[in-house]
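Below: the structure, in structure tokens.
The values are calculated or read from the model by the stated rules, or taken from the named source; none is laboratory data. All values derive from a computational prediction rather than experimental measurement. Reconstructed Cβ throughout: ideal geometry from the backbone, glycine too, with neighbour counts over all protein chains shown.
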Amino acid sequence: MRRSRPVRAPAARASPHTVAALAAQSALDLTQWHDASPDGAGDTPVRGHWHTVCVNDSRMIPDASPSAAAWTCPFCSLLCDEFSLDTDGGEAVLRGSACPRATGLLAAHGRRADSVAALVDGVDASVDDAVAAAASRLSTWCQPLFGGLGTDVAGARALVRLAARTGAICDHADGEALMHGLRAQQDRGQYTVTLTEVRARADLVVCVGTPAVARYPEFFHRIGLDRPDSPCRELVFLDASPPDAGAAASPQRLHEQLVQRTVVGSGDLFDDLSQLAALVAGQRLPASHPALVDLAGRLLAARYAVLVWEGGVLPAQGGLWVELLTRLVMRLNLGTRAASLALGGNDGANSVNQAFTWMTGLPLRTRAGVDGLEHEPLRFGTARLLGDAAVDGLLWISSFDPARLPPPPQAGIAPLPRIVLGPPAMRAACRDDPLARDCVFIPVATPGLNAGGHLLRTDGIVIVPLVAARADGLPGVDAVLARIGARLVDPNIRPAAVAA
């Protein structure tokens, strides 16, 4: 369990658990992760040793083989590493799991592409010509927006450098969900826990407002709830429905000794969390809900309770829900042990946010302007910027999910010129889009599928290395962004805001 204190200084630096500070000042790009625990490669033990490795050292990334024996899945932030991927015949087939998210995205990426042309205004072009067109257009934008941001650590570092030079605002496609936890952590701090510690110690797991496996199908497996030696004997769903019995990660896969309960309070999650926090604190309430009274007693009696929440299912101002949850965990730790575990950070959201934080001192939704760095967690949201016509160009990156296209123009708002970096499977949608006449599409590799890379896991502790499962010859997001930066019409259009 980690106690994360509130960060109130606007330029506070990232904690040392991610990457050595500003490694770009040296000749190598550095990152760190823990020793693997004995029962699962890539998982963090309660106590481990930090290792520093070179991100860009080709010796760290083995050559892609026709059929990989082991594979780390990059398609959700659990980064499951117990699968294998069969790439014989050019099509990637998942072995060892029926995860619907992984199988669906592998199918969306399709077979290996021998050559994929870029697009400039809907017309085939070479990558060099597309890069030149993208640089020329980006140079003319007064206020660019870098959105989507579906990339890995190396791509995020390149994004920071390009954003600092162009004055771009940067926001992830899942920025709203990301900001719920971030704003709560800035204001109140958090108690967090690793997946391995949940698997090794938690005897009570409470899924708060989420079935957990709807977007993260292998979650219960990752925390060991399918193993008879699991210390967890009770799984509770608070104001959430348990997963269907026919789901890929269904309750039938859980060990027989595990008791499952569903707690339905008032139907308002915020009210139920408020009441639960008061009951755990020993306050007398005039009308306590019996199910919440029972759950409060179970939390107090547990040796190690873990409350699981998901930012993507919280409503607007979800940071208030997260603060309540933190207050509840804080109170529990006065007499027992408890922690919270956030599910989120898919499509590289956690990785990009951490990279921005350690390189600039501020998280996403930050702009490098003429007056320095500006962080606006509400004003710099993608939907708000597009709705207010506050930007005049969009650079969209989605290297993991071909279906995550740029948002369509809102009613009454003129369409924006766009630069899109995505996998080859996204090309057809960009070509057939009615707005293709003002769009540059550049095909890029997907980390963990046809390129190596590094991603941060959902628990925010471990940076996991990814190995290419097949060789498609596509450039990575970092390489394309570096080439665009090198061809900007005016290389000094913005003062450098980070030492990168």
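At-a-glance table
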| item | result |
| --- | --- |
| Unique match (being in a helix (DSSP H, G or I) and within 20 Å of Gly361 (Cα to Cα)) among Ala108, Ala177, Ala163 | Ala163 |
| Answer residue from segment 308-343, given it is in contact (Cβ under 8 Å) with a residue 60 or more places away in the chain and of a type in the set (Ser, Thr, Tyr) and is farthest from His180 (Cα to Cα) among those | Ser340 |
| Of all residues making up segment 364-394, the number that are surrounded by 24 or more Cβ atoms within 10 Å (Cβ to Cβ) and farther than 15 Å from Gly147 by Cβ | 1 |
| Only one of Leu258, Leu162, Leu204, Leu195 that is touching a Leu at 6+ places or on another chain (Cβ under 8 Å) and at pLDDT below 95 | Leu258 |
| Restricting segment 292-311 to residues that are small (Gly, Ala, Ser) and crowded, with 17+ Cβ neighbours inside 10 Å, the residue that is nearest to the chain's Cα centre (by Cα) | Gly311 |
| Complete set of residues in segment 69-105 that are in contact with a Phe, Trp or Tyr (Cβ under 9 Å, 6 or more places away or on another chain), in a helix (DSSP H, G or I) and in contact (Cβ under 8 Å) with a residue 24 or more places away in the chain | Arg101, Ala102, Leu105 |
| Test: residue in segment 263-271 that is surrounded by 13 or more Cβ atoms within 10 Å (Cβ to Cβ), over 30 Å from Arg227 (Cβ atoms), out of contact with any Leu (no Cβ under 7 Å at 6 or more places or on another chain) and polar (S, T, N, Q) | yes |
| Members of segment 95-127 found to be of a type outside the set (Gly, Ala, Ser), closer than 25 Å to Ala214 by Cα and surrounded by fewer than 19 Cβ atoms within 10 Å (Cβ to Cβ), listed by number | Arg95, Pro100, Thr103 |
| Among (1) surrounded by 15 or more Cβ atoms within 10 Å (Cβ to Cβ); (2) at pLDDT below 95; (3) touching a helix residue (DSSP H, G or I) at 6+ places or on another chain (Cβ under 7 Å); (4) not hydrophobic (A, V, I, L, M, F, W, C), the one test that Asp433 misses | (3) |
| Test: residue in segment 393-405 that is among the basic types (Lys, Arg) and under 29 Å from Ala468 (Cβ atoms) | yes |
| Subset of segment 199-210 (residues that are over 17 Å from Leu273 (Cβ atoms) and surrounded by fewer than 24 Cβ atoms within 10 Å (Cβ to Cβ)) | Arg199, Ala200, Arg201, Asp203 |
| Scan of segment 205-243 for residues that are closer than 18 Å to Phe270 by Cβ, touching an Asp or Glu at 6+ places or on another chain (Cβ under 9 Å) and in a loop (DSSP other than H, G, I, E, B), ordered by number | Gly209, Thr210, Asp239 |
| Residue check, Leu395 assigned to a strand (DSSP E or B), closer than 20 Å to Arg165 by Cα, touching a Phe, Trp or Tyr at 6+ places or on another chain (Cβ under 8 Å) and among the hydrophobic types (A, V, I, L, M, F, W, C) | yes |
